[in-house]
Structures are given as structure tokens and as C-alpha cells.
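Accompanying notes for the structure given below.
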Amino acid sequence: MQLIINGEPRQVDEGLTIAGLLGLMQLDTARVAVERNRDVVPREQFSSIELLEEDCLEIVQFVGGG
Amino acid sequence: MRIYLNEQALDIEDGETLFSLRDRSKPDADILIRNGFPCDRDESLQPDDRVVLIRRGETPSADELEALLMARHTPGVHARIKQSCVGIAGVGGLGSAVAIALARVGVGRLVLADFDIVEPSNLNRQQYFVDQLGFPKVTALAENLRRINPYVEIEARHIRLTADNTATVFADVQVLVEAFDRPDQKAMLLESFRLHCPGRPVVAASGLAGFGPANTVLTRRAGRDFYLVGDGDSAAGPGEGLMAPRVGVAAHHQANAVLRLLLGEDPTGATPCN
């Protein structure tokens, strides 16, 4: 199925969770902000939410420094 | 017609000029500011003009001081930001500089939250002084801000922000500035504030270490009511320290984004698509 991630299309397998997607993208779940179809996704739901065709995700991984 | 002299309404005759007003109300003034901009030539005055007359080097009375401090702000802009309340989460290199910029433009109320104290290793980039070592950063910053603009109301919270207290600490803010150091804390703050305070914008930062080009530090939209400053990539770490110039560039991107949000403008300059 196709997802739109930060504006770019990406093909992934059906049934992929947000945590699974972050793993594929080699992102650290503790350092990301995830928005799915314009809703903020709480970290504790990363493993339970299965993504759907044409889901639109905004994912930011923070780096340190301030 | 009516104008405002040092923020006080004043009815004047048609045909009154800047110099004639000076000559009869403050003849020794040597800085004449009309509508936020200094003037060195005589000009005729228009209705609703805002004029501030300053004698260089003179210490003004407390009543006059706020009007004089705000003399360089565009009329109408100051009135709006004076009513506003901004939260700053973390007052290290980013947060201390954001706070100073927002105090200088006259944001009405700042809520500052940080658990840390001022240490010598902070002084390479953070807006503190040697005689403030050991003080809580929020206490030291509140003192510095009062020395800059005593008309900003400051709520200084010496606490560690968590997922449980973030929404309470920043209950009143219209815009939140994320100015933490650690990436997991940045993510925690974003999640907590955006879940509990939907519709209120957050201006965060990521990627500002080192001395790479200043021009790679950008303000972009990273989600709904979420703006992100930085190059997205330059993490602080061994061999890439945090340095005053680039941290300052990022902090002032954040402060400018806040100012634009308070004035109803999109921080990136895009037409809002919400």
C-alpha cells in the first residue's frame, strides 16, 4: 500500500504499524514527533496503530542541542 | 486632530509639525520618533500619528519609560503583542536568547520553565553573566529581562517539565517555544503540549550545533501548528559543540516565528492552508 510521508509517496506492506515504519526508516521512537492525517500520535500508540492506504504522515526526528 | 505624544492622546491644531510640537512640549528633545521611526527633518503631523520625544541621556520618569521603550515599535504592533503570553520551555542557549528578543519587542507576559542552574560551561552561548553562576537559570533570566524591559510580566518556574506538568505550566500561553537540549525531551514536550493544547502553535528547534553556514538554518512548517527551526541535522556532540552565533541564529528564527504568529502571520511566509 502507499503512504505519504513528509509529502513523499512510499510503498509499504499492509498491516505495518507506526513503530514498524519508524524501524524501517531507522528512526528512534524516543526522539520523533509523528502526525498521522493531521492528528498528533502519542508515543504509547506507535505499536498499536496499523497504517492504512494513503495515510498521510508527518515525521520529525529531533537532534540534540539548545 | 488627535495624535499620541509619548503614548498619551493629545489634540493639536491642523498644521502642527513635528518641530513645532517639540518646541512647545519638550524643546530639549534631540531624538524625535514618529510612527516608530526616528526623524531628523520637520514633517507635518497626521491624525493618529504616534510621536515620542526623547532627550538623549536623560533618565525618564517611570510613567514615561514604557512609552519611550516602545517608541521604535510600529504603532498597532506593540498593542497586539503587549496583550500576548508566550511560553518558553528551557532557557539555555535558545530559550534565553528567545526570551530577550521577545522582552525587547514588548511581549506582555513570558512563562519561563527550566530546572537547571547557571554553570560556567553555559556562558559560551547562553545569555547569563559570571556573577549569576549557581543561580537557577529562570531566576537569573528574569532578572536580566527586568533590566531590559521592566514592563514584561514574567512567570519564572524552576521545575523540570514532564509529560504530566507541561500543559499546566503553559496553560495560559498562546504560543510555546521548545528550547530544550536533549532530543527525547524535545519530542516529549511536543507530544505533551500538542495533545493537551490543540490549536496553539509550537515553535521548536532541531539542528543548530557547530559553525556550519547560518543560511542552512531555516524555519519550516513540520505539522499542524508546529514550526521547526534549524538545519534538521547538526546534532550537538563530540566535535560539534554548541556555539553562540549559530544558536543565536536559530533562537532568533524562533523569536521571529513567535512574533509573526502573534501578529497573525504564517512564520514561513506561506499562505495559511489550515
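The values are calculated or read from the model by the stated rules, or taken from the named source; none is laboratory data. Computed from a predicted model, the values in this text were never measured in an experiment. Cβ atoms come from the backbone with ideal geometry, glycine included; neighbour counts cover every protein chain shown.
Assess whether B:G248 counts as being farther than 23 Å from A:L27 by Cα, surrounded by fewer than 14 Cβ atoms within 10 Å (Cβ to Cβ) and under 22 Å from the mean Cα position of the chain (by Cα).
Numbers: farther than 23 Å from A:L27 by Cα: yes; surrounded by fewer than 14 Cβ atoms within 10 Å (Cβ to Cβ): no; under 22 Å from the mean Cα position of the chain (by Cα): yes.
Spelling it out, it is not the case that B:G248 is farther than 23 Å from A:L27 by Cα, surrounded by fewer than 14 Cβ atoms within 10 Å (Cβ to Cβ) and under 22 Å from the mean Cα position of the chain (by Cα).
Please specify each residue of region B:107-149 satisfying the condition of being charged (D, E, K, R), more than 27 Å from B:A71 (Cα to Cα) and not in a helix (DSSP H, G or I). Don't jump to the end; show me each part of the working.
Step one: of region B:107-149, the residues charged (D, E, K, R) are B:109, B:114, B:116, B:119, B:125, B:131, B:137, B:143, B:146-147.
Applying the additional criterion that residues be more than 27 Å from B:A71 (Cα to Cα) yields B:114, B:116, B:119, B:125, B:131, B:137.
If the condition is that a residue be charged (D, E, K, R), more than 27 Å from B:A71 (Cα to Cα) and not in a helix (DSSP H, G or I), then B:D114, B:D116, B:E119, B:R125 are the ones that fit.
Looking at B:A251, B:A214, which is the one that is closer than 24 Å to B:K137 by Cβ and in the same structural domain as B:D116 (by the TED database)? Even if it seems obvious, please write down each step before you answer.
Numbers: B:A214 fails: closer than 24 Å to B:K137 by Cβ.
Exactly one of B:A251, B:A214 is closer than 24 Å to B:K137 by Cβ and in the same structural domain as B:D116 (by the TED database), namely B:A251.
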Review point. Quick check: is even one residue across region A:24-41 within 14 Å of chain B (Cβ to nearest Cβ), within 20 Å of B:Q185 (Cα to Cα), in a loop (DSSP other than H, G, I, E, B) and out of contact with any strand residue (DSSP E or B) (no Cβ under 7 Å at 6 or more places or on another chain)?
Key: no
Revision key, fill the gap. Taking region B:174-190 and keeping only residues that are of a type in the set (A, V, I, L, M), facing chain A (nearest Cβ under 9 Å) and not in a loop (DSSP other than H, G, I, E, B), one is left with B:A187, B:M188, B:L190
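Provide a single number: the residues in region B:168-179 that are surrounded by 14 or more Cβ atoms within 10 Å (Cβ to Cβ) and either free of Cβ contacts under 8 Å to residues at least 24 places away in the same chain or in contact with a Cys (Cβ under 6 Å, 6 or more places away or on another chain) (or both). Quick ask: steps written out before the conclusion?
Going through region B:168-179, the residues surrounded by 14 or more Cβ atoms within 10 Å (Cβ to Cβ) turn out to be B:169-170, B:173-179.
Still in the running and either free of Cβ contacts under 8 Å to residues at least 24 places away in the same chain or in contact with a Cys (Cβ under 6 Å, 6 or more places away or on another chain) (or both): B:173-174.
The number of residues fulfilling the criteria is 2.
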Practice item. Taking the residues in region B:150-169 that are within 18 Å of B:L102 (Cβ to Cβ) and in a loop (DSSP other than H, G, I, E, B) as candidates, determine which candidate is nearest to the chain's Cα centre (by Cα). Key: B:V152
Study note, to complete from the structure: Across region B:191-216, the tally of residues that are touching a Leu at 6+ places or on another chain (Cβ under 6 Å), among the hydrophobic types (A, V, I, L, M, F, W, C) and either more than 11 Å from chain A (Cβ to nearest Cβ) or in a strand (DSSP E or B) (or both) stands at 3
